[in-house]
Amino acid sequence: MSQPSTAQRSPVTVTFHGKPQPSFNKNFDLLIRTLHELRASGYEIFICSENPKQLTRLQSIFKDLKAQIEWHPVETALSSGFIDEDLKIACLTDHQIFQRFHAYRLRTGFTKEQALNVRLIRELQPGDFVTHIDHGVGRYSGLQKIEIGGQQQEAVRLVYKNNDILYVSIHSLHKISRYVGKEGESPQLSKIGSDAWKQLKARTKKKIKDIAAGLIKLYAKRRAAPGHAFPPDGYLQNELEASFMYEDTPDQEKSTQDVKADMEKSYPMDRLICGDVGFGKTEVAIRAAFKAVTDGKQVAILVPTTILALQHWRTFTERLADFPVTVDYVNRFRSAKEKKEIFQKTASGQIDIIIGTHALLNKDVKFKDLGLLVVDEEQKFGVAAKEKLRALQVNVDTLTLTATPIPRTLQFSLMAARDMSILRTAPPNRQPIHTEIRVFDDELIKDAIYYEVHRGGQVFFVHNRVADLPKMVELLRRICPDVDIAMAHGQMDSDRLEKVLVEFIDRKHDVLVCTNIIETGLDIPNANTIIINRADMFGLSDLHQLRGRVGRSNVKAFCYLFAPPMSVLTHEARKRLHTIEEFSELGSGFQVAMRDLDIRGAGNLLGAEQSGFIADIGYDTYQKILDEAIQELKETDFKDLFKDEIAKKGSYVRDVTIETDVEMLIPDEYVSNTNERLSLYTQLDEIEDEAGIEAFSKMLEDRFGKLPKQVNFLFEALRLRWFCKKLGFERLILKGGKLRCYFVGDPQSSFYETEHFNKIIQFVGEKGRIMGFHLKQTNQNLIFVQDEIRSLKQTMRTLEVLLGVVEKGN
């Protein structure tokens, strides 16, 4: 049988008639003219953006410019726009219109706190110390199966004083935290059933409340003061925000909204923005400052160092170059004559934004109409400077920026009395900084410098002894003869120092040999290697700040810590260096601070007694007690002041305990590794909504296969907890076919005055007998009781009915 011959296929030519999106350079007149021309030629116009907010901004810009254009918003990301002449379609992208970098979608993981929590619990080894918020310090002893009402359940086993055992339900994992106290010192185990732990908690809470009450009173005074209510955003504000070169991180977007909402209120803003080094706090400040200027107000930006004033001036000037805003700065680089002239212009209103160091607090400085005060790194100002600041702040909106991680010390946690925004997300495409500890080595220095310079970058070489700096410069010039090296330190003549720094920023030098004057605020995305000599002489937060000077773009950055051999260093220095090397991931300031500064920081703030409390109960538990104390103050002594917040929050229950004899666990045959199960229980415990359950169950199915029914029951327990929180139940017991739900335990709670509570009482009174439930009052509690419950589903239905009553009013 002969094979059929295969005919030679002729190549097919497909012709496309298209061209790339034209460049508009943020020129909206040109954009509008082009769009009109395209429409007149019969083109259909689509503008694509992954961020719906950008599309809204475009609409408002067209509206403000009175441009009548027919176009279709498309919520999707394109790497670049195009015009198809055959199909008569123009697909434009927002990031090319606004000249921003196209950000590629990143996988979102846990929030920092979740990740940290999961990591801490996952790392728990039998024998580690943990703190249970209700029972005190015990020792973790693994997971154990226990039988409740004939059904298997899993619990965390903790050992207390005299080898007493406590089993903690997997539904209450949030009550356990790893004990973080003074390193090298073992805590005392608590005795179960004794009052010692309760008394220690009560003493800690009382001390916290005394201090917090003072701070909240200050806050109340501010709330009562009259302020300036800024108008909503206009066209210019939208244009400024849309012209940001990078994609906003979700936190940046939220912080911007929070700040602007505060500015639009009738009382003065007092907001703290916290974010690790390089997480975009300055951009939020620029947007706030611009909002103030567009309403005819002046802005003062107070910074702790000369260099930071110069850096901020450059950043603000570049960012606001396309807008009619006058920015100037005062620091020790400016002559007395220049300062006098600047102060005169500020007083007459010719300067819109003035940036400066302590010189701004000078009594000679007068403003024509100050509307916003931005304070950068407040903790670096002395007491006297802060007093002068307070005088300035009375009726002026205040925005404070800090890179000190939250929650570092009590001081900031207490700022729950102050509005706070936290930037936890690193900007897209950032990479962790490669950090290593080395002994001083000429060859390594040479390799590191040449590697950086040859890829077009710049290098910081930090050496903190001014006297030896020239020798260091000589050494580097000998090792790298063809590299341009400059020197900078605080004792230099101010003109010379400014010139060197500006030249380094402008890339005229490859290496800057300097002291730690660069620690705060120098933002040079092109510098991506830092070598710190005698790193053992620096404090941990200094090292973290110095390392934060590099890795501010999407290029891989390197940090080399030079120190003598470990064997000759002190124990503290060794620990500091290992900590900074270990925590090099993005946003790790929190862990760094926890290791070094929390115990000492909180102690310094509240005296040795407080430090003692932290050592006794562990840092995480201290945080929990702190949050509880502040929440209680808000709901009792200061409930009038915080009534809006409480109403918005809508929950009077912080924690729900669930006890049941239904078999709820992750079976051994489904996940055999004990540590893995504990880690999964911890992640499950932190889920807050249905989307979280869906993502978690998908992850389990991907990794371990079809979900067993016991795991689905775990999800039901989570839902029960959410229902209980909304209904005001602190404890739910489902055993032996009987349901008991305990209302808020504190009889003084304002929960009992709510319409929400009255609706439940009324409903039970009217329908309880028909539906088989009633209320029972004991000495301590008011309890909702339902007999003859046959399943978990029936329990869910009962709570759904109650929630429907509360939310809809029967």
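Taken together, the values in this text are just the output of simple stated rules run on the coordinates, not laboratory data. Quantities reported herein were computed from a predicted structural model and do not represent experimental measurements. A quick note on method: Cβ atoms are made from the backbone with ideal geometry, for glycine too, and the neighbour counts reach across all protein chains shown.
Applying 1/(1 + (r/R0)^6) with R0 = 56 Å to the Cβ-Cβ distance of Q794 and D493 gives a FRET efficiency near 0.10.
At full extension, T56 and S672 could sit 216.7 nm farther apart than now, given 0.36 nm per residue minus the alpha carbon distance. With a Förster radius of 35 Å applied to the C-beta separation of D128 and L707, the computed FRET efficiency comes to 0.70.
Check which residues have an amide H placed less than 5 Å from V513's amide H, if you skip close sequence neighbours. Answer set, sorted by chain and number: F461, A486, M487, A488. Taking each residue as 0.36 nm, the span from S141 to E436 lengthens on full extension beyond its C-alpha to C-alpha distance by 102.7 nm. Structure note, pairs K175/K634; K221/K345; K198/K776; K339/K368; K206/K759; K254/K368: Cα-Cα distances above 25 angstrom occur for K221/K345; K198/K776; K206/K759; K254/K368.
Computed from label points 7 Å out along Cα-Cβ, the spacing between V801 and K191 is 4.8 nm. The average projected area of the range 195-292, computed from the convex hull of its Cα atoms over all directions, is 9.0 nm². Where the alpha-carbon atoms of the range 764-806 are placed on the principal axes, they occupy 31, 21, 18 Å, in descending order. Per residue, the convex hull around the alpha carbon atoms of the range 521-572 comes to 79 Å³. The residues neighbouring L236, those whose beta-carbon lies less than 12 Å from its own, together hold a net charge of -3 under the Lys/Arg +1, Asp/Glu -1 convention. Model label sites at Y267 and K221, defined 7 Å from Cα along the beta-carbon direction, differ in position by 1.4 nm. Between Q777 and K738, the contour length at 0.36 nm per residue exceeds the Cα-Cα span by 12.4 nm.
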